[in-house]
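Quick notes on the structure that follows.
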Amino acid sequence: MPFLPKSAFGQTVFLIGFLLLINQLVSYFSVAFYVIKPSTQQISYLIARQVNLLIPKTEVSAEANAILRQHVESITGAQLFSEAEAQEQGLANASDYRYFSQQMSKELQTDTEVRISQTENFVFWVRSSTAPEYWIRVPLTGLEETSFPLLTFYLLMIGVLSVIGGWLLARHLNRPLQGLQHAAIQVGRGEFPPPLSEKTGAREITAVTKAFNYMAKGIQQLEQDRALLMAGVSHDLRTPLTRIRLASEMMSEPDSWIREGIINDIDDMNAIIDQFIDYLRHHKQEELQQVALNELLMETVQAEYVQQRQLITRLDPHLPLLWLRRIAIKRVLNNLLENALRYSDGAIEISSGYQRQKKLVYFEIRDHGPGIPEHKMQAMFTPFVQGDEARGSGGSGLGLAIIKKIIDTHSGEVRLSNHAQGGLVVTVLIPLQKPH
């Protein structure tokens, strides 16, 4: 159903509120049909008996009718008035009540009009078709005007308090789920928060929390083992590479072409090892700080200056400060610019902007190269996917994976698209809110 809340918390509150609404409606109609309706019928019955006594009887003398009216008036307070007298006694301020008119018509078995006015007490004005020139005034004591609204207010307050209580209960039950959600997001980003409390929440929730803590601990151990393995492999590889380089430097001059090839291969291997280390590095170890993105972009552009290559900047001067890990974001910018320079010819365009409604700051880097086929764009973020398949160059396949991993730790997003006039556009969006 489209109008139902999407969260478990919202659905729980909605369910409780719906059940309470049904309960309130049942209670209200129960009171109306089993308390109020019998009471009104009883009132109609009693008033009808008095009206019957006060209506002048044609079969008896006027003197007998007058004695009967005095007797009824002394006991019940009901009085018989002409139209003019009734207007003077307050009939003009009375309101017509169709429900009581229908009830009274059934009791008297004739068309009857009922009006009700209130001063200190309720006053019923009754006119029967058998004596239309008369109005009978019947005062009712002990029936206050606020009786029915008080019942409505009581039922409304019960419903409101019940909904508030249900909301607090649902919030208490769903609070451990919110903590579990935040922790799962952190683990998905490669971060490892402290273990969640296993003593709060319902039994099913604590069981899920225990399983999550066990899973997170296992993933953390695997990550540590992988980092240790990679550090050992890189160390063991660099030692023989250093010896090979030293040996190649000692080669004779006629073999210089061989020496240069060996040195280039060693540099490529060292660069690949560095990329592996970058991918495994925990970028969360760097503290967040408020940084001006445009300053980082300009620093990177100046550092990556290449002769005969034009770097065009279109930066929004009104960007707000962002919570960033400065070194990690500079690594992203360096990698993107190096890729753009490596895989394209011509100018490189760097731009930045601010999406106020979404509270996102972004920067884009566009080259004028061959671009990437649409069906291969998502795969480019997967580790070890070679860029040469898409843009004609070799590599370890970790460049974009490293970039995505860093941006993920900032709760951001990386998008790839081909420009309509040629070239690849890499868009990085970073939220203004400080990442957790």
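The values are calculated or read from the model by the stated rules, or taken from the named source; none is laboratory data. A quick note: this is a predicted structure, and the numbers were derived from the prediction, not measured. When we count neighbours, we look across all protein chains shown, and the Cβ atoms used for this are built from the backbone with ideal geometry, even at glycine. Remember, those area values only see protein heavy atoms, side chains included, never the ligands or the DNA or RNA. Shrake-Rupley method; radii C 1.70, N 1.55, O 1.52, S 1.80 Å.
If the Cβ limit is 6 Å and pairs must be 6+ apart or interchain, which residue in the range 308-320 that is more than 16 Å from LYS359 (Cα to Cα) pairs with which residue that is open to solvent by less than 50 Å² (accessible area, probe 1.4 Å) and of a type in the set (Gly, Ala, Ser)?
That search, which allows pairs on different chains as well, returns GLN310/ALA347; ILE312/ALA347; ARG314/SER351; LEU315/SER352.
Just checking, which of ALA207, ALA231, ALA202 is open to solvent by less than 40 Å² (accessible area, probe 1.4 Å) and at pLDDT below 85?
Just a single option satisfies the conditions, and that option is ALA202.
Tell me, which strands (runs of 3 or more DSSP E) wholly within the range 241-355 include 1 or more residues that are closer than 30 Å to GLY422 by Cβ, at pLDDT 85 or above and open to solvent by 30 Å² or more (accessible area, probe 1.4 Å)?
Those strands (runs of 3 or more DSSP E) span 311-314, 348-355.
Residues that are closer than 30 Å to ILE136 by Cα and at pLDDT below 75, at least 2 per element: which helices (runs of 4 or more DSSP H) completely within the range 1-86 meet that?
Per the criteria, 37-54, 62-76.
Mind listing just one residue for me: the one in the range 160-186 that is surrounded by 15 or more Cβ atoms within 10 Å (Cβ to Cβ) and closer than 27 Å to LEU21 by Cβ and, of those, modelled with the highest pLDDT?
Filtering first and then ranking leaves LEU177.
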